[in-house]
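What follows is a single structure, written as structure tokens, with notes after it.
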Amino acid sequence: MAAPAEEIRANSYVGFDTITQQIEHKLLKRGFQFNVIVVGQTGLGKSTLINTIFASHLIDSKGRLEADEPVRQTTEIHPVSHVITENGVRLRLNIVDTPGYGDQVNNENCWDPIIKYIKDQHSAYLRKELTAMRDRHIQDTRIHCCLFFINPTGHSLRAIDIIVMKKLSEVVNVVPVIAKSDSLTFEEREAFKQKIRAEMTYHNIRLYPFDTEENDDEEIQLNESIRNMIPFAVVGSERNVIIDGKSVRGRKNRWGVVNVEDEKHCEFVYLRNFLTRTHLQDLIETTAQIHYEAFRSKQLLALKEQTNPRPAASAA
């Protein structure tokens, strides 16, 4: 094993420290891609929360327009793409809406289409990666984050929730959220969160974020604080309401007004900061280095087995 190279300080300015600016310039020109899939029962406000996180109307809500109107449902997996700009940074955002699972009388294997869709994106990327004349920049549709919506019952996870979450965690970064958490009191919410964390631990459901050898102490501490907060208890709203003379995003209920961005009301701000301000790049890298790499290795090993089958055992 080679000895580590000695660190030398240049005697005069060379200029290679500008490489970070060069990288930034290239990345800004190219833009960034982030792919999110939303999973959960019908009627939990999946579309509304996505629109709230990115402060843009990206997907239409399926909620009732009138009180006596039946709930409108997403009937098939449906990706929607947008380009959002912020301070010169272009984010190509791909949002994949899924049918509400567990809504049917027979929910056997209802998670299969979602798992298949995620694996299909890995498969498409691998095919492009293995072509002789591959693109310089392969379009990345691999799912970087799965927002898993939990019904705010205050009791415990349904058996199907546990199965689906476990299946998903094997192929994608899962981030669980308690939807419409303003239907619970603070005491009920905290007890519900503790119960969910205990159930996930009992069933060995490994959720994002993951610690790696590259993490420094600050990142490890941040990840630990996030794991202690999961699932995020959130409220989404695209409407503005007036609180103390100020217009804020929120919604009115029978007890008063919920300010979506007030940390005392819900944990939306923590979720948004986690997804966009602290872990956006890590979500993308973890998808490539852990989930896609596991899929890629399995596929290439299977391909090798097909190309070079083992010789049949000779008869005695």
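Each value in this text was obtained by applying a stated rule to the coordinates, not by laboratory testing. This is a predicted model, so every value here is computed, not measured. Here the Cβ positions follow ideal geometry from the backbone for every residue, glycine too, while neighbour counts run over all protein chains shown.
Points to keep in mind about this one:
- Each residue of region 83-95 was assigned a 3J(HN,Hα) from its phi angle through the Karplus expression (A = 6.51, B = -1.76, C = 1.60, θ = phi - 60°), giving 10, 10, 10, 8, 6, x, 9, 9, 10, 7, 9, 10, 10 Hz with x at Gly and Pro.
- Farthest toward the positive end of the dipole of region 78-189, out of 110, 153, 125, is the Cα of 125, where the dipole comes from beta carbon charges about the Cα centre.
- A helix-only calculation puts the chain at -10500 deg cm²/dmol for mean residue ellipticity at 222 nm, using -39500 (n - 2.57) for each DSSP H run of at least four residues, averaged over all residues.
- On the beta carbon distance between residue 5 and residue 117, with R0 = 45 Å, the FRET formula returns roughly 0.50.
- Correct option for percent of Cα pairs over 27 Å apart [calculated from the coordinates] among (i) 57; (ii) 52; (iii) 41: (ii)
- Here's the list of lysines a cross-link from residue 252 could span, going by alpha-carbon distance under 21 Å and ignoring same-chain residues fewer than 8 apart: 46, 62, 180, 264.
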